[in-house]
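Since the structure comes first, as structure tokens, the remarks are kept for the end.
The values are calculated or read from the model by the stated rules, or taken from the named source; none is laboratory data. The structure displayed is predicted, hence computed values, not measured ones. In this analysis, Cβ positions are derived from the backbone assuming ideal geometry, glycine residues included, and neighbour counts consider all displayed protein chains.
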Amino acid sequence: MRTVRSAAFVSLCILVVAAILVPAARAQRTPPVDWRAKDARTVAQQKINTRVLAAIYHRRGDAKVVDLSAPGEAIQVDRHGRALVDVRALVRPALEKKIKALGGLVMSTSRTYDSIVGWVPLQTLERLAADPSVRAIEPAQ
């Protein structure tokens, strides 16, 4: 009788340990939600900061805005739907011309820091990010 109880107790302990360890091991293998959302993005969208991309989706009325809700301050958007962004790329006249052609206003450029700060319409930021010379688009500070 004593060995039956001992065997039952050991079996119960093994089940409890398995019930705790198996879900913990699965949780470590599952990537965070933000990574899966980033993997689903196009190459151009991956160049755009998450907060800026969330503002683009919000402007479109896209449901993806829930997946990309980013902590921090909101980006600056003017009454014309243009966001104040920092475009990280080699500063070239052709790129400045492209920003203006997309409806943007260049506020400042820095060849030293490979940066163009300007007001660019949210709806055209993905087209700008698709340019091979653009490395990143972030909120301007």
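Looking only at residues in the stretch 27-53 that are hydrophobic (A, V, I, L, M, F, W, C) and at pLDDT 90 or above, the one that is farthest from Thr109 (Cα to Cα) is Val43.
Ile137 falls short on exactly one of the conditions (1) under 22 Å from Val43 (Cα atoms); (2) free of Cβ contacts under 8 Å to residues at least 60 places away in the same chain; (3) among the β-branched types (Val, Ile, Thr); (4) assigned to a strand (DSSP E or B), and that condition is (2).
Quick one: how many residues across the stretch 68-98 are surrounded by 14 or more Cβ atoms within 10 Å (Cβ to Cβ), more than 22 Å from the chain's Cα centre (by Cα) and either under 16 Å from Ala55 (Cβ atoms) or aliphatic (A, V, I, L, M) (or both)? Within the stretch 68-98, residues that are surrounded by 14 or more Cβ atoms within 10 Å (Cβ to Cβ), more than 22 Å from the chain's Cα centre (by Cα) and either under 16 Å from Ala55 (Cβ atoms) or aliphatic (A, V, I, L, M) (or both) number 2.
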